Amino acid sequence: MNSTLWNRLQTIDRRIIYAVLLLFIIIPLFIDIPLPTYPSKQSQDFYDTLEKVAADKGNANKIVIVNGMWSPSTRGENQWQAEALITHLMQKHLHFATLTFDTQNDTVMQTSVVEPLAKKYGYVYGRDYVNWGYRPNAVYVITIKGLVTNIPGTIKKDAHGTPITSFAVMKNVKTRSDVAAVVDITPVESTETWLGLFEQNNSPPYLFAPTAVMAPTYYPYLDSGQIQGMLTGIKGAGDYEGLLHTKSFGSRIASALSLVYALIILLVIIGNVGHFATRAAKRREAS
Amino acid sequence: MTEYLKHLLDPVLLFGALGTIAILSLVFKENRFYRLFEHIFLGLALGYDLELTWTTVLKPQFWDAMVHDGQWAWIMAVPVGLMFYGVYTQRFAWMSRLVFGIFFGLAAGTAFQDFSARFMPQVTRSFAPNKSLIPPPPTPGDPHALLHQVSFVLNNFLFLGIVVCVLVYFLFAFEQKNRAVLRTAQLGRWVLMFSFGAIFGSTIMTRMALLIDRMYFIFHDWLRLVKG
Amino acid sequence: MQHASENWWVSGLVVLLSLIIIGKVLSAQRGRVPFIRRIPGLNAIDEAVGRATEMGRPVMMVPGISGLDVVTLQALSIFSYVARAVARFGNKSIMATIDPIVTGVAEETLRDAYADAGRPELFEEGDVRYLTGQQFAFATGVAGILIREKVAASFLFGAFYAESLIFAEVGQQVGAIQVAGTTQTNQIPFLIAACDYVVIGDEFYAASAYLSRDPTLLGSIVGQDYCKLLLLGIILIGIISTSLLTLIHGGPVAHLLHTLVDFLKVK
């Protein structure tokens, strides 16, 4: 093997790499390659926490706040997390309220996730769930702070302009103590505000569904018990679907993800082999 | 026109698919197709933001509250909002600083509570028994007792060592001339790089998931070549 | 404050940390300017601007995608230094912004920087461009500017999210020398992989203080260093106490350690 080959290994035309990557993504979409999935501890904790919340009879009149900060830009991960979450909430007959601070999230969440699932599980708007709607990002901190002591006064109206106090699901929901859990589905750093301003002594349970990119930076919060469970990106969504015994996008693309990771590992190895071999060859030529 | 063709030419799906292909075409070469959709994307995003700001914020919470609910005090938001624009003139810049100052003050005030509630639980986690450098007695009947003891000690020494190294790396008030300090800081930098590698790997998951979602949209939602 | 009534030592600690920082800031403002070591990545700024001037191509600056907050203000402080260097070399700079308020502040910053360097006529209205408020639309716009303007040096300082790799990768494609700095831990790996020089985490604030030589910022950095040492001390006390409690059972020492550990836990 000569140094020209090592150079070529490091300088493979990026268009070839992109083309191969696309093939590795597209082929599993056509050919279903079933792979075993093992839910991670964080996903299991996420599921178990909601199971505990559902089992606690004291939560019958409480709500789960589902905070969505995602938009179609990160739909590839967050939408499937949201779908699995809402499925779980509806399967366990938990009341919930959706809230968002992203301009596009409200429409996408309601039309693509909540409404189809509500039809499937017989959930009725106002009786079983409510949509608090969109608030501008500028009032994010003030809104979270306001929810601690006065939820009706902070939210006032739902997404359609109806006073939230007129809904049966909001009848007994006044302060933080009437919140059974908070689930944050987000591609941005919204957790700090919830943990800093809303949570007290890890109550109510705070569950986190970020994009995979953010997950490693939140392990300290998992370790300290501030976050009780985490769905790590699309893998977390797939784990959650497995635990719920449902099959959606998260489970579907597990094979495509695995193939792509294998390709990337191979490319990293090839690139590094080329790099170190080139360095060694240069040193040999110099001596 | 066949049903399939009608579906392919559905304006919403077609626009989404062409937009996806146009933006992705940048990875091969910058081209006019990309530029066209880039500008459409920018314009759409701006227009959508404006529309949403009016229909979901200004109209229901400001205009309707004033005109229909009689809450005329909301009109005071207008001069306060206009004060922001003072930043564009020398004469009225002081007005914008007043408003910025209020926002900064609000942020600073909540930062104290935020810091306590966010970071103090992590600091005091070091007082938990599972952070001890000496392992607790092994659980009777545990087949992997020795392994658990060793990993317990190793994990906690690593935890402590890494915290010290990384904090030393980020000390700026002291010149890092002393060899011990310098080596500790270098080790801290290496450890940071390990963690960045882990984050890089996680991020690849996100990027690939988003790309797979786009391909799914094209091949399943638009071309209907893939079964759901 | 929600924790004050139950964890008064936490409140006390926060007050102590604040007093340390305030003390150092006041000390710096009164003339005792503290020492801050030079951040290695800062050498790259002059190198990048010089290289862009040699190539006759503009310099691009992106102050992140958050609104007017601490991180963006620090980024603008660094860009003020960059803009002065660009003006000294007689080159052109472009700044892309995502927030309308930041646009106004950025224009003022650049105009002042060019004036400080004695070249106010070089500043043009179109140098600071508000593109859009949407994250990925902004990324698309910045990528387009990088390619069309054939930028030779790109500075990415501020709060970035997923679009950071788009900026860095496109900048690399056009051959720009890239210097980046962010406090977002999960974006640093991409900037490291795609940029030439990266300022990591806390170094970002130190860089801003070092370049601006503002006494408040310098004092704040030094105060924070003392706070870090104090928190490190608390962590060490915690781990050592907990370790000793595993060994020592009963007796006055164990009782003292138990009291200490119970007192210091956040309830």
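The values are calculated or read from the model by the stated rules, or taken from the named source; none is laboratory data. All values derive from a computational prediction rather than experimental measurement. Every residue, glycine among them, receives a Cβ derived from its backbone with ideal geometry; neighbour counts consider all protein chains shown.
Couple of notes before you dig in:
- Selection count where residues are within 9 Å of chain B (Cβ to nearest Cβ) and crowded, with 17+ Cβ neighbours inside 10 Å, scope the stretch A:157-168: 2
- Only one entry of B:Q176, B:Q186 meets the criterion of being surrounded by fewer than 16 Cβ atoms within 10 Å (Cβ to Cβ) and either over 31 Å from the mean Cα position of the chain (by Cα) or of a type outside the set (V, I, T) (or both), and that entry is B:Q186.
- Complete set of residues in the stretch B:62-81 that are free of Cβ contacts under 8 Å to residues at least 12 places away in the same chain and either aliphatic (A, V, I, L, M) or part of a helix (DSSP H, G or I) (or both): B:W63, B:D64, B:A65, B:M66, B:V67, B:W72, B:A73, B:I75, B:M76, B:V78, B:P79, B:G81
- Residue match in the stretch C:148-156 (condition: assigned to a helix (DSSP H, G or I) and farther than 20 Å from C:T97 by Cβ): no
- Matching residues in the stretch C:151-176 - criterion: being buried (at least 24 other Cβ atoms within 10 Å of the Cβ) and over 19 Å from A:V213 (Cβ atoms): C:V151, C:A153, C:S154, C:F155, C:F157, C:G171, C:A176
- Residues of the stretch A:235-252 that are closer than 16 Å to A:D45 by Cα and basic (K, R): A:K235 alone.
Conditions (1) more than 14 Å from chain C (Cβ to nearest Cβ); (2) modelled with pLDDT under 85; (3) surrounded by 12 or more Cβ atoms within 10 Å (Cβ to Cβ), marked per residue:
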{"residue": "B:L5", "(1), (2), (3)": "yes, no, no"}
{"residue": "B:F33", "(1), (2), (3)": "no, no, yes"}
{"residue": "B:H39", "(1), (2), (3)": "no, no, yes"}
{"residue": "B:A45", "(1), (2), (3)": "no, yes, yes"}
{"residue": "B:P79", "(1), (2), (3)": "yes, no, no"}
{"residue": "B:L106", "(1), (2), (3)": "no, yes, yes"}
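- Single condition B:V181 does not satisfy, out of (1) more than 11 Å from chain A (Cβ to nearest Cβ); (2) aliphatic (A, V, I, L, M); (3) closer than 29 Å to C:S164 by Cβ; (4) out of contact with any Asp or Glu (no Cβ under 6 Å at 6 or more places or on another chain): (3)
- Among the candidates C:I221, C:I234, C:I192, C:I239, the residue that is touching a strand residue (DSSP E or B) at 6+ places or on another chain (Cβ under 7 Å) and within 7 Å of chain B (Cβ to nearest Cβ) is uniquely C:I192.
- Test: residue in the stretch A:213-234 that is more than 14 Å from every other protein chain (Cβ to nearest Cβ), touching a Lys or Arg at 6+ places or on another chain (Cβ under 8 Å) and surrounded by 14 or more Cβ atoms within 10 Å (Cβ to Cβ): no
- Candidates B:V168, B:V163, filtered to the one that is assigned to a helix (DSSP H, G or I), at the interface with chain C (Cβ under 7 Å from one of its Cβ atoms), buried (at least 17 other Cβ atoms within 10 Å of the Cβ) and touching a helix residue (DSSP H, G or I) at 6+ places or on another chain (Cβ under 9 Å): B:V163
- The single condition among (1) under 19 Å from C:R119 (Cβ atoms); (2) in a helix (DSSP H, G or I); (3) not polar (S, T, N, Q) that C:M61 does not satisfy is (2).
- Matching residues, the stretch A:182-206, being outside any loop (DSSP other than H, G, I, E, B), more than 7 Å from every other protein chain (Cβ to nearest Cβ), over 10 Å from the mean Cα position of the chain (by Cα) and not β-branched (V, I, T): A:W194, A:F198, A:S203, A:Y206
- Scan of the stretch C:223-252 for residues that are part of a helix (DSSP H, G or I), more than 23 Å from B:V153 (Cα to Cα) and not basic (K, R), ordered by number: C:G223, C:Q224, C:D225, C:Y226, C:C227, C:L229, C:L230, C:P252
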